[in-house]
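See below for the structure under consideration.
Bear in mind these aren't lab numbers, they're just calculated from the coordinates by the rules spelled out. Predicted, not measured: the structure shown is a model, and the values here were computed from it. With ideal geometry, Cβ positions are generated from the backbone for all residues, glycine too; neighbour counts draw on all protein chains shown.
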Amino acid sequence: MSWEVVIGLEVHCQINTDTKAFCGCSTEFGAEPNTQTCPVCLGMPGQLPVLNTVAVDKTILTGLAINAHINLESKFDRKNYFYPDLPKGYQISQFAVPLVVGGYIDIPTKDGGEKRLGITRIHMEEDAGKSMHEGLDAVSHIDLNRSGVPLMEIVSEPDMRSADEAIAYLKQLHQLIRFLGVSGADMEKGQFRCDANISVRRPGEPFGTRTEMKNMNSFRFIKQAIEFEVLRQIEIIEDGGEVVQESRLWDSVKCESRSMRSKEEAHDYRYFPEPDLPPLRVSQQEVDAIKAGMPELPGQLRKRFETEYGLSSYDADVLTQTLESAAWYESLVAAHPADPKRCANWMANELLGRLNDAGKDLSESPVSAARLAELLNRIGDNTISGKAAKDVFDAMMESTDSVDAIIEAKGLKQVSDSGAIDAIILEVMAANPAQVEGYRGGKDKLMGFFVGQVMKASRGTANPGMVNQRLLELLKG
Amino acid sequence: MEIDVRKVAMLSRIRLTDDEAAELGPQLSSILGYVEQLGKVDTDGVPPTAHPHDAAMPLRANVVTNGNRREELQAPAPKTESGLYVVPKVIE
Ligand SMILES: [Zn+2]
């Protein structure tokens, strides 16, 4: 009998504000330790938190993008636990009445359809500081620059049935959040962190006991961790044992998880209403205004690229991975409107490929959309062949010379003068009398040989269409 | 209402002697019992009160107003090193 896997995900996402959730300290990443703190985020007695308005707006925007309900009145609570990187001894969070409830994300399925995955809630909370243990003997070091940085926790329904579905959900959510501009969502900087609740059951039966997998900071590790945990649970049950409800920590070096028993007793968080914060009220007009300013979402953009520019779904997907790349493509098309597909091919294959090899981001591209369009225009007006254009493009990545100057300097200007092409063809024919005879004797396949020879002799500059046409003519004899 | 005073003390990181536990347990239980009377009130149709003042939350502009006050703020800390707080080892 088979097993069914049940997965729910909790994503902690750092909201990209300039200041912390409840004080005027900077959130800039990478500052000297403890230089971005104040009495509020250090938990000094008598300090009062005041919530950051942009953090609220960005959480609402995220809620609207997943078709959720926005609670016009929401509340804050204290989640109590002791840890040295939590100076107040509690985290301000939203427990009873979060800002955002409900919503969903659709992921593509293998059969070309879609599966809808429910989202339970998005609540606002503050981050803790950072503890460091490595290379230290009897002590730990604490940096509180991150203490009080605003987070939204996005909690899914237990709707995922495989590690692949979980990853598809996370990738979709990650992309959405970047599109909305509500978070840098840089996983390496801990701006997009995921915990997974995992259980297994026989199909049709109630949910099994779940474990919570923590500390997974890349899509690859999340997939590995879920797959490991599913096998571990099945093995326990098939051996007649019982899964224990607990938090487990993923060790990406050893590729295994281990129990975090130390955390268990601390699980009694004793939530109670935050007395320092009255209810958060937002008006329907404010929500509507945020909705009106919502950018085009990835799915909408993908579909528009397919219909408006005639792109394949693959190309549309590649070009809409980020808002920047979609904007880059559209400015390229604006400057080379004759052939949106050519724009897509060049951007997706040539540009992004080269940037990827160089470990660079689109924003660091040495070639602007306007400059690439100049090159594409030269293909369009038959000044150069597509093949020669790749040489020119290589040079453009290294130099700021104009496209025309590079074409000139490399001698790659396409020859479309029939007299010049005829001269080359006659030379090739004179050098290969046996093949000419063969062709004339009925070996049509030799045409390819002649095209190749002529292109080679012209160093790729001969207009291929004209070469074909003139060869047919001249080989007839 | 019975209360596990040892558990509450542990969660609050308060060390109790046996005598203190014996004294505080019944006291805490009786306080909770007193508050429990509120459970008898019929609150059907009464919206929950989130805060004694019926005020909406004021919000803060997203503008950095605090600079680096590390030296001053770390002065009361028992131990620091290279700008970091030093605490007894904690590890998962
Ligand atoms: Zn602060």
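Quick rundown of the values:
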quantity: Neighbouring partner chain Cβ atoms per residue of A:11-18, average, 10 Å criterion; calculated: 1
quantity: Phi to ³J(HN,Hα) by Karplus 6.51 cos²θ - 1.76 cosθ + 1.60 over segment A:322-338, Hz, x for Gly, Pro; calculated: 10, 5, 4, 5, 5, 5, 4, 4, 5, 6, 5, 5, 4, 8, 9, x, 4
quantity: Whether chain B is rounded, prolate or oblate, judged on the alpha carbon gyration tensor where a/c under 1.5 counts as rounded; calculated: oblate
quantity: Rg ratio (alpha-carbon, reference 2.2 N^0.38 Å) - segment A:112-175; calculated: 1.65
quantity: Mean separation of Cα contacts under 8 Å (6+ apart) over length of chain A, as relative contact order %; calculated: 14
quantity: Whole-Hz ³J(HN,Hα) from phi, Karplus 6.51 cos²θ - 1.76 cosθ + 1.60, for segment B:3-8, glycine and proline x; calculated: 10, 7, 5, 5, 5, 4
quantity: Number of partner chain Cβ atoms within 10 Å, mean per residue of A:132-142; calculated: 4
quantity: Residues whose placed amide H lies under 5 Å from that of B:Y85, excluding near-sequence neighbours; calculated: A:I142
quantity: Of A:K189/A:K291; A:K223/A:K387; A:K20/A:K110; A:K58/B:K89, those spanning more than 32 Å from alpha-carbon to alpha-carbon; calculated: A:K223/A:K387; A:K20/A:K110; A:K58/B:K89
quantity: For A:33-40, mean number of other protein chain Cβ atoms within 10 Å; calculated: 6
quantity: Evaluated over chain A, the Cα radius of gyration and Dmax, each in Å; calculated: 30.3, 100
quantity: Length-normalised contact order of segment A:296-410 in % [C-alpha pairs under 8 Å, at least 6 apart]; calculated: 20
quantity: Cα long-axis angle, helix A:386-398 against chain A (0 to 90 degrees, to the nearest 10); calculated: 50
quantity: For A:D251, residues with placed amide H under 5 Å, excluding near neighbours; calculated: A:E256, A:S257, A:R258
quantity: For segment A:126-200 versus segment B:1-23, the gap between their alpha-carbon centres in whole angstrom; calculated: 35
quantity: Per-residue ³J(HN,Hα) for segment A:441-446, Karplus 6.51 cos²θ - 1.76 cosθ + 1.60, θ = phi - 60°, Hz, x for Gly and Pro; calculated: x, x, 7, 4, 4, 5
quantity: Distance between segment A:351-401 and segment A:68-92 - C-alpha centres, whole angstrom; calculated: 50
quantity: Amide H contacts of A:H123 (H built 1.01 Å from N, under 5 Å, at least 5 apart or other chain); calculated: A:E153, A:V155
quantity: Mean residue ellipticity (222 nm) of the protein assembly as shown, computed from DSSP H runs ≥ 4 via -39,500 (n - 2.57), nearest 500; calculated: -11500 deg cm²/dmol
quantity: Relative contact order (%) - segment A:4-289, alpha-carbon pairs under 8 angstrom, separation at least six; calculated: 24
quantity: Cross-link partners of A:K445 among lysines (Cα-Cα below 21 Å; sequence separation of 8 or more within a chain); calculated: A:K456, A:K476
